[in-house]
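The block underneath contains the structure these notes are about, expressed in structure tokens.
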Amino acid sequence: MNTVYGKIQQVDILAIGIHPDDVELSASGTILSHIDRGYTVGICDLTQGELGSFGTPEIRIAESQIAAEILNVRFRINLKMADGFSIIDRTHILRIAEVIRLCRPKVILANALDDRHPDHPRGSKMVREAFFFSGLRSITSIQGEAFRADALYYYIQDIQLTPDFCVDVTSFIEGKWNSIRAFKTQFFRVDQDATPISSLSFVDFMEGKMRVFGRPIGAKYAEGFNVHRTIGVPDLVQLL
């Protein structure tokens with residue numbers, strides 16, 4: 001387990017991404033808005049993104065540290081699983097479960113349930129299983145006492161899934177863009193051949209997606225999330 005930034009500690013929210021920039025692209029506005037409210041956040045990247053078209057694993061780790069500093073999260077770790085070829089097995093699931101036990105979050109954010117990149121739904125499935133197994137007292141082969149988070153939510157990525165709820169990130173849009181720009185080898189490059197995420201048109205795509213998510217809740221920009229289980233609502237008046 002490689003600590004990229006800060007020290008693993010208890011946090012309110014643990015954001016997990018199978019690639020080092022997944023969290024920034026789809027949930028960084030939500031992270032910033034919750035830190036602004038006083039919640040604590042940690043990030044766990046499952047791979048170093050070594051199959052990406054640009055950047056070495058070392059560079060991508062360095063970029064993720066810069067992004068962590070911009071977001072002001074408590075820690076960021078990288079489990080160094082194999083990019084593209086991580087399998088959903090006991091070893092991988094328990095590594096994630098160990099992180100959950102060590103930081104004991106109330107809420108976990110994970111990759112999209114379905115997406116263009118096959119790693120994304122694979123990552124979300126691994127996290128879903130780790131979410132469950134972290135709470136079993138009979139599993140003693142990993143660090144930490146048995147613990148299960150209150151909720152697991154999946155951020156929406158490339159494919160335009162219908163969100164179960166959206167978070168208004170309008171006031172934090174500049175911080176979101178700054179965290180994405182930390183990954184200089186991946187985005188907004190004019191000195192290399194364009195990939196689906198490095199072309200300048202990707203900015204328009206990202207902004208359009210956030211506007212679509214924001215419109216139903218009366219926000220200029222929002223990030224969308226899916227759930228596996230029904231959400232309980234304590235206060236109807238507070239819903240947007």
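The values are calculated or read from the model by the stated rules, or taken from the named source; none is laboratory data. Being a predicted model, the structure only gives us computed values, none of them experimental. Here the Cβ positions follow ideal geometry from the backbone for every residue, glycine too, while neighbour counts run over all protein chains shown. What goes into the accessible areas is simple: the full protein's heavy atoms, side chains included, and nothing from ligands, DNA or RNA. Shrake-Rupley method; radii C 1.70, N 1.55, O 1.52, S 1.80 Å.
Write down the accessible area per residue of the chain in Å², having rolled a 1.4 Å probe over the full set of protein chains.
Value returned for the chain: 47 Å² of accessible area per residue.
Give the cross-link partners of LYS7 among the lysines, using a straight C-alpha distance below 28 Å as the criterion and excluding same-chain residues fewer than 8 apart.
LYS80, LYS106, LYS125, LYS176, LYS184
Determine, from the Cβ-Cβ distance of ALA146 and THR3 and an R0 of 25 Å, the FRET efficiency 1/(1 + (r/R0)^6), rounded to the nearest 0.05.
Step by step, r from the Cβ atoms, then E = 0.60.
Whose amide H sits under 5 Å from the amide H of PHE75, counting only residues 5 or more places off or on another chain, with H placed in the peptide plane?
Residues meeting the criterion, in which the H sits 1.01 Å from N, are ILE43.
Filter the chymotrypsin sites (Phe, Trp or Tyr not before Pro) in region 56-131 down to the DSSP loop ones having no more than 16 other Cβ atoms within 10 Å, then list what survives.
PHE85
Mean 1/r over all different Cα pairs, inverted: what Kirkwood radius does region 1-73 give, in Å?
12.5 Å
Using every alpha carbon pair in the chain, what percent of pairs falls into each 5 Å bin from 0 up to the bin containing the largest distance?
1, 7, 14, 19, 21, 18, 11, 5, 2, 1, 0
State, in angstrom, two size descriptors of region 116-240 derived from its alpha carbons: Rg to one decimal place and Dmax to the nearest whole number.
18.1, 53
How large is the Kirkwood hydrodynamic radius of region 24-166, in angstrom, based on all distinct alpha carbon pairs?
Roughly 15.9 Å, rounded to one decimal.
With a 1.4 Å probe and all protein chains left in place, how much of the accessible area of region 1-41 comes from carbon and sulfur atoms, in whole percent?
40 percent
Before rounding to the nearest 500, sum -39500 (n - 2.57) across all DSSP H runs of length at least 4 in the chain and divide by the residue total; then give [θ] at 222 nm in deg cm²/dmol.
-11000 deg cm²/dmol
Please identify every one of the trypsin sites (Lys or Arg not before Pro) in region 1-68 that sits in a loop by DSSP and has no more than 15 other beta carbons within 10 Å of its own beta carbon.
The qualifying sites are LYS7, ARG37.
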